[in-house]
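Undergrad: Here it is: the structure, laid out below.
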Amino acid sequence: MTPLRSSASERLRLSIHRHETKLASLLLVLGIALAITAPRFFSSVNLALLARSMGVLLIISVGMLNVILAGGIDVSAGATLAVVSVVLVRLGNRGLPASVVLPIGLLTGATLGAVNAALIAELRIPPIVATLGTAGLFRGLLLEWTQGEWESSIPPWLNAIGSPRWGGLDASVLAAALTVLAATWILHRTQIGRALFRFGDSPIAAARIGISPRQPIYFAYISLGILTAIGAVFYAAQLGAVQGNAANGYELTVIAAVVLGGADILGGRGSLLGTFLGVLLLCSLQQALVLLHVATFWQNIATGLIVLLGVILSSAPRLHRKLLLQQSPSA
Amino acid sequence: SRLPRNSKTLFVMVPKLVGIPYFNSARDGASQEASRLGLHFFYTGPTAADASLQVDVIAGLLARHPAVLAVSCDDANALTPVLRRARRYGIPVLTWDADAQPDARDWFVSQVEDETLGRHVMDVLAEQLGGRGQYAIITGSLTASNLNAWLFWMKKQQQEKYPEMQLVAVVPGNDDQQQSFVQAQSLLQAYPNLRGFIGNSSAAPPAIARAIEQAGLSGQIAMAGLSTPNLMRHYIENKTVKTITLWDPGKLGKLTAAVAAMMLRHETPHDGMDVPGVGQIRVFPETRKIVMGSPLDFTRENISQYWF
Amino acid sequence: MTSSSPASLEKLVNSQSKFTKRIMELRLSGNLQPGVVTLLVLFFCIYASYRSGDFWSALNWQLLVQPLAEAGLVSLGMMFVIASGGIDLSVGAIVGVAAVTAGIAAQHKLPVQAIEAAALAAGMLCGAFNGLLIGVLRLSSILVTLGSMILFSGVALALSNGNSFAGFPDGLLWWNDAALLGIPVEFFLFLAIAAVAAVLLHYTLWGHYVIAIGSNRVAARYSGYPVALTLFGVYTLQGLLCGTTGILLVARLASARADMGQGLMLMAIAAVVLGGAPIVGGAASVIATLVGVAAFYIVQDGLLLLDVPPFVQYALTSAMLLVAVAAGNLLRGSREDRQ
Amino acid sequence: MPPSSLLEINGIWKHYGATAALRDVSASLQAGEILALMGHNGAGKSTLVKILAGSTRQDFGEIIVQGKALPGGVREARAAGIAVIYQDLSLFPKLTVAENIAGEPAGRFSYSFRASKRIAAATLERIERHSPLLSCLDRNVEELPLAMKQRVAIARALAYDSRILILDEPTAALSLQDTDHLLTYLRKLARGGVGVIFVSHRLSDVRRISDRYLVLRDGAVALSATPAEVSGNALARAMFGEAGENAAGQPGRAVGVTRSNAPRDALTVRNATRRGEFSNISVTLRSGEITVLTGLTGSGRTEFAESLVGLRHFDCGEMRISGKLLSLSGPRSAMSHGLVYVPEDRLRSGLFVRRSTAENLVGATEHLRARFGFLIRETDRAAAGVSDFGIRCQGPHATLETLSGGNQQKVLLARWHMAGARILVLDEPTAGVDISAKTEIHKRLREWAAAGAALLVISSETDEVLDLANRILVFHAGSLVLDNLRTEMNREQLMAAMLHGSTPAEQASAPARARSES
Ligand SMILES: Nc1ncnc2c1ncn2[C@@H]1O[C@H](COP(=O)(O)OP(=O)(O)OP(=O)(O)O)[C@@H](O)[C@H]1O
Ligand SMILES: Nc1ncnc2c1ncn2[C@@H]1O[C@H](COP(=O)(O)OP(=O)(O)OP(=O)(O)O)[C@@H](O)[C@H]1O
Ligand SMILES: [Mg+2]
Ligand SMILES: [Mg+2]
């Protein structure tokens, strides 16, 4: 009937202006440039490396996407990552079996996430403030606990997780894939998933259809906590060692990936595909610059410029849309 | 309980940053020695390697008016003003591990000469490579002045003695294992006939070793660098790495404490004097510099004797 | 509860109405937080001065106010940015660029004024760059500054090759050495700038625009406010202040390095929100910001003097942020009567 | 209580800080009854609605649905069969129309976009044939004009069949034919046994459908009676007390006085066209004259108005202000030529809801009074504005969020009244304001005109058009189908022009264009 037909063309119109489309084309251009200048980039070995370097970042980014969709932000992710990986390795080195250590690790992640959520939902502290605080708190307590001792070796089972198989790929890649699949299902098919979008879009309107702030906030931050914990497993496994001040500033990379992926920092808008592309962009950039023998001092400059390019591209539709509509009425 | 005010025996020791093994073992050495010598020992510093943070910490400490202040300078220039100030307030100032401008301190307690160390590390690598081939350096932060000093001497040594070796890249690992690890991996990709690495900050060598190991290149890629035995033990024992260079930070701490005690007793150290637990030291009165000894190489043979 | 007689209720209501009105007004004008923070800090000071004799020593405060002034300047800039509904992650990098520029200028033996001018110009340029993308191209501030943070730090590194510059003329170091009645001139400069900022924010059209844009950008446009221009100004001002901070840092450290002022970004944001400004923008107060930034440095310094281990200091200052904001919220009352 | 009564409201009290929004309100709603809830701005209507919807809790009193006491909470209210349209619509701007209408799925893990689209489409079909919304199910709500947003909100409330339907000013931004649709549909529902509570300030609408009036004044029930029982005056008295009686009486006619002393052309537009929105419009606004632009929803009036002040740009066509050829870059440059636009979507583009009432009042005009960029604070001005326009709020310092819808609208007008512009374009200026306020506003508009300003008022309410205009323009499907002096018009002609794009006199010749393409 009419709506479906016309809306098909509508969808086409939209999909051209989709952020993901633009990001993908940017990646394509980069890819072509690389294929010419540094063909080795596409060697199977290198691609495998790329995949591995993406794994952890992607897993955590999915969690961050949940948080940002719900109109929040979490700058304590790096600290959480450090805490969990230290907990994992320490317990592991004490000789505890994986079957005990891994659950404890996930639990730790979930707990830290719950702390953030509680501060935001119960005490109504703005997310960036709350997580700014917990970032310092978690990190400080962790370092006080470890007294800066580095765990310079990891238990064999963890080592096994981290070691490359399947032609250079490792478990982290698989885990990342599974995470994305699960997230797709949750975000698009479940009530709580939709609640994230609705709450992030307009908390008041959400309240008026009976979505209490607690539900989405706790879900978002706890899921981020758990995913960060999962990320931590592979983080430690790949490094074969952890330090108390590990992953300092990692959260910024994660946030960068998600927002590059087109998530609206004000909440209510964002997509997994976009997040994936964002992660892909950052990671391949990192590698490409070295492959292209770009002098170190210029690598940051190049990265910064590409990121900005991504930002400008992605918001191009808004530039020639009739009015600026970023801001939803806060009545 | 009130804290001691202007304690006559308060010996304050400030590292570049707190909470990394290297400085921890220096702290332990120092505190042992200090308590043996009856000093009131206090150890604090910035939580990140950032000169301005370190300056803020020291500025805060001046109010305590310590009897002796010993600082490992994150940046030779940046720390100078605050140390000068300390001396103006009549506080004896030592620098240890990394120096400031000469007029900003009474003595510099140095583990080894920058030049000696830099040239030595390069020799270690060159020996493994047989004096030819491409190599890359992963350093700490691009802005750490003493790392840059060592870097300088490494390059110089290579240019002078190993012309057939070629430095392809110097990249920062920012004292973070993960970043160093990723850098090492992509370097291996970027330079197919890369033969060797130098890890120029204690976080870099283990990360490099890990990358080599996981790329299945153990034995084919040589490595030299500066790190602690504990961080490298695994890789040295499984033959991924032959030699890693450092000195005993514990001893360095001891020495610093000992010198601090001398300052309180208004003694001046003299060349070749024997410091208990440290050994013979060399003293250069004109540059007011105390050198603990020469760099120490850890190999499969001797690594079991060291624990730090 | 249903069966409570309306008449008596009516009386009850009217009797308390005056009082409740006051409370409501207080609550709605949500500026309680600076008070809360001040109280917390006062208690802390009392405790600290009891535990450590050095806390009240003049020397301690002389040394304290210098870093405070530097972070304060950046925080003032951040206050405008946040008030305009944005955020600036690139401040640390901008400070680095300014410092390195000063370093290069000094290498070329330029006169002090020229060095300072160069640093300020560099800072402003970076700020203007942000302002252009955010104000004119209407890009989201957090994205842009995320990118420019990386970009600027790269520029600073490339300019300095990672070296640290030294050998600045005494004229520049004057900022560090000079003092008036024992108080470093840096601090007076800071107070002066704060005063100007207060006038800008509360008494000028521009300040009014900033707040309006922060509370509803679309409405601001419809109301005929110069949105693009104002935002451009906000970020340029931020750049200028970062440049100033750069100069002061260079003067205090007698050297310039690319990574100077790394820690400043988070500190500035934290200071502003500690002062109780809504992170979503649309409100700001200079006093509150001053309180916020002062609180951080006083507490940090005090903890140091109390022999608190560094990491615990770190944890405690963060905890203070949480406690203060939470307390402020609770006092401000439930969202029910605002929605 | 009679068993048949669907909803019982017993002694509801609600305080916001010091103001009592509701005082001991009791009422009942029978199945199949349409209850009109009326009252001046700030009387407490929306508050009552929110309480019934469960999104706000009463301080005292209870609500009984079919004999069972209603526990607080939105979901509970939903479960009890209460569906609501809020005055501020409470939509999700960044979600698609379909998602907004379909709302949440029944099952926890059963959400699907297809399903929600099907539900949305079905709902829209049910309400009206070929609803324009069908063509934009995939568009984000934020991209739609206000009228469309309102339709989405209506559809959302009607998506799931409910026993009690509460509409808080659903027709504020709707025009003739849309209102018709809605009212007839409500009647149909009522016949099916649904109880409807209908909040509105448009007496015409209210008279047409309601079985009973419930009038609130200052939060207390002032009247509850059937239309038969009350005269217009009694109604007015109930709403505004003795004072309001004549205020809300028969509104004064448009006076031609100003037009006698030859009016100058203030603003002229020639052959303005904007693809998909309006085409070939030529209009002249004269100083001292009130021109009212009307038409059906989506006839492109807002687009045209926004193009006048440069928020959009003509694809072709030219505009002159007092003879000078201009192309404006936006409201700012428009103001510099004394041209001001008051938007229809007050929450999105009009007000700074998190700021105080005072600031909103003097706010937009600060730059007119600033000296060398320094503000001249005039709080008494704000106070004046509050009293002039009879704005009800907890003093000028209360944040605008806390004002009632109509009072927010008054703030918006009061602000621009202070700006004192030469040419004003007002989009739906009286949407949601009560009758006495409306007559008050009309009076001021006339004074404005009399003082030599040129006014273009966009309105969808026929009565308002006829009552206010010196000159009437009618848009139909994006083209100007009628431009005539009020004195030479009657209601029938107007209706015909609005609905069919033609006047009975000359048969339809206006180039009506299919809307669907846009
Ligand atoms: N969140 C709030 N905080 C404080 N006061 C409020 C709040 N919401 C409403 N009020 C006050 O309660 C009174 C009733 O408001 P309400 O919105 O019910 O009026 P209304 O009848 O809907 O008016 P309108 O016809 O203009 O919509 C008003 O005086 C308003 O200022
Ligand atoms: N009934 C409708 N049919 C088709 N499109 C419509 C309709 N109503 C609104 N629209 C959409 O909205 C746009 C114009 O609507 P808008 O409400 O701005 O016009 P308007 O005449 O100002 O009506 P309003 O009285 O609501 O202001 C059109 O371009 C179209 O996309
Ligand atoms: Mg209302
Ligand atoms: Mg309109």
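Any read-out appearing in this document is the output of simple, stated calculations on the displayed coordinates, not a laboratory observation. Remember, it's a predicted structure, so these values are computed and weren't measured experimentally. Counting neighbours? That spans all protein chains shown, and the Cβs are built from the backbone with ideal geometry, glycine included.
Undergrad: Which FRET efficiency value, to the nearest 0.05, do you get for D:ARG163 and D:ASN490 by plugging their Cβ-Cβ distance into 1/(1 + (r/R0)^6) with R0 = 56 Å?
TA: Working: r = 43 Å, r/R0 = 0.76.
It comes out at approximately 0.85.
Undergrad: Also, I was wondering about something else. For labels at C:ASP170 and C:HIS202 in the simple 7 Å Cα→Cβ model, what's the distance in nm?
TA: Output for this residue pair reads 4.1 nm.
Undergrad: Give the percent of DSSP beta bridges with both residues in the protein assembly as shown that are antiparallel, rounded to the nearest 5.
TA: Numbers: 57 of 128 bridges.
Expressed as a percentage, antiparallel bridges in the protein assembly as shown total about 45.
Undergrad: Let me ask you something else. Would you list the membrane-span-like helices of chain A, meaning whole DSSP H runs whose alpha-carbon atoms span at least 18 Å along their axis and whose mean Kyte-Doolittle value is at least -1.0?
TA: On the way: long enough: A:2-17 (23 Å, -0.50); A:19-37 (27 Å, 1.48); A:44-69 (35 Å, 1.91); A:77-93 (24 Å, 1.62); A:98-121 (33 Å, 1.79); A:127-146 (28 Å, 1.02); A:171-189 (27 Å, 1.48); A:214-239 (36 Å, 1.11); A:272-291 (28 Å, 2.02); A:296-314 (28 Å, 1.62).
Correct list, ordered by number: A:2-17, A:19-37, A:44-69, A:77-93, A:98-121, A:127-146, A:171-189, A:214-239, A:272-291, A:296-314.
Undergrad: Is chain B best put as rounded, prolate or oblate by its Cα gyration tensor, with a ≥ b ≥ c the root eigenvalues, rounded for a/c under 1.5, and otherwise prolate when a/b is larger than b/c, oblate when not? Walk me through the intermediate numbers first.
TA: Working: a/c = 2.01, a/b = 1.91, b/c = 1.05.
Prolate, since a/c reaches 1.5 and a/b exceeds b/c.
Undergrad: To the nearest 0.05, what FRET efficiency results for B:ASN193 and A:SER44 with a Förster distance of 25 Å applied to their C-beta separation? Can you show the working numbers first?
TA: On the way: r = 19 Å, r/R0 = 0.76.
After rounding, the FRET efficiency stands at 0.85.
Undergrad: Moving to a separate point now. Nearest-5 percent of antiparallel DSSP beta bridges in the range B:1-96?
TA: 0
Undergrad: Now for a different question. If you stretched the chain out fully between D:CYS316 and D:ARG392, how much longer would it get, using 0.36 nm times the residue separation minus the C-alpha to C-alpha distance?
TA: On the way: separation 76, 0.36 × 76 = 27.36 nm, distance 4.47 nm.
The D:CYS316-D:ARG392 span can extend by a further 22.9 nm.
Undergrad: Can you tell me the 0 to 90 degree angle between the C-alpha axis of helix D:232-247 and the longest principal axis of chain D, rounded to 10?
TA: Orientation of helix D:232-247: about 60 degrees from the principal axis.
Undergrad: Sorted from fewest to most neighbouring beta carbons within 10 Å, what does the list C:MET265, D:MET418 look like? Provide the component values of the computation, followed by the final result.
TA: Values: C:MET265 23, D:MET418 20.
With the sparsest Cβ surroundings first, the list reads D:MET418, C:MET265.
Undergrad: Name the residues whose placed amide hydrogens come within less than 5 Å of the amide hydrogen of D:ASP59, ignoring near sequence neighbours (fewer than 5 apart) on the same chain.
TA: D:TRP13, D:LYS14, D:HIS15
Undergrad: Pop the C-beta distance of B:ARG87 and B:SER35 into the FRET formula with R0 = 22 Å and round what comes out to the nearest 0.05.
TA: 0.25
Undergrad: For C:GLY261, what residues show an amide H to amide H distance below 5 Å, using hydrogens built from the backbone and excluding near sequence neighbours?
TA: Counting only residues 5 or more places away or on other chains, the set is B:SER52.
Undergrad: Quick one: if you take sqrt(5λ) for each eigenvalue of the C-alpha gyration tensor of the range B:42-192, what semi-axes come out, biggest first, whole angstrom? Working shown, then result.
TA: Working: eigenvalues 257, 64, 21 Å².
Listed largest to smallest, the semi-axes of the range B:42-192 are 36, 18, 10 Å.
Undergrad: What size of dipole, in debye to the nearest 20, comes out for the range A:126-249 about its Cα centre when the only charges are +1 on Lys and Arg C-beta atoms and -1 on Asp and Glu C-beta atoms?
TA: Result for the range A:126-249 is approximately 640 debye, rounded to the nearest 20.
Undergrad: Right, something else. In what order do B:HIS270, D:HIS201, B:HIS234 fall by count of nearby beta-carbon atoms within 10 Å, going from fewest to most? Each step should come with its number before you reach the end.
TA: Working: B:HIS270 9, D:HIS201 26, B:HIS234 20.
With the fewest neighbours first, B:HIS270, D:HIS201, B:HIS234 line up as B:HIS270, B:HIS234, D:HIS201.
Undergrad: Tell me the Kirkwood radius of chain D: reciprocal of the mean inverse pair distance over distinct alpha-carbon atoms, in Å. If you can, show how the numbers build up before the last one.
TA: Working: mean 1/r = 0.0417 Å⁻¹.
Every distinct Cα pair counted, the radius reaches 24.0 Å.
Undergrad: In degrees, nearest 10, range 0 to 90: what is the angle between the Cα axis of helix D:435-450 and the longest Cα principal axis of chain D?
TA: 10
Undergrad: Then there is this: Using the number of other C-beta atoms within 10 angstrom as an exposure proxy, rank A:PHE138, C:PHE188 with the fewest first. Walk me through the numbers on the way to the answer.
TA: Numbers: A:PHE138 24, C:PHE188 15.
The order, fewest Cβ neighbours first, is C:PHE188, A:PHE138.
Undergrad: Only bridges whose two residues both fall in chain B count here: according to DSSP, what percent of them are antiparallel, nearest 5?
TA: Values: 8 of 43 bridges.
Antiparallel bridges make up about 20 percent of those DSSP assigns within chain B.
Undergrad: Could you give the Stokes-Einstein D for the protein assembly as shown in µm² per second, using the C-alpha Kirkwood radius, 20 °C, 1.002 mPa s? Before the final figure, lay out each step's value.
TA: Values: Rh = 35.2 Å.
For these conditions, the coefficient is 61 µm²/s.
Undergrad: Running Debye on the range C:133-276 with equal point scatterers at the Cα sites and no solvent, what base-10 log of I(q)/I(0) appears at q = 0.13, 0.16, 0.21 Å⁻¹?
TA: Calculated log10 I(q)/I(0) at the listed q: -0.77, -1.07, -1.39.
Undergrad: If you take the square roots of the eigenvalues of the alpha-carbon gyration tensor of chain A and sort them as a ≥ b ≥ c, do you get rounded (a/c under 1.5), prolate (a/b over b/c) or oblate? Don't skip to the end; give the middle numbers.
TA: On the way: a/c = 1.81, a/b = 1.17, b/c = 1.55.
Cα axes put chain A in the oblate bin.
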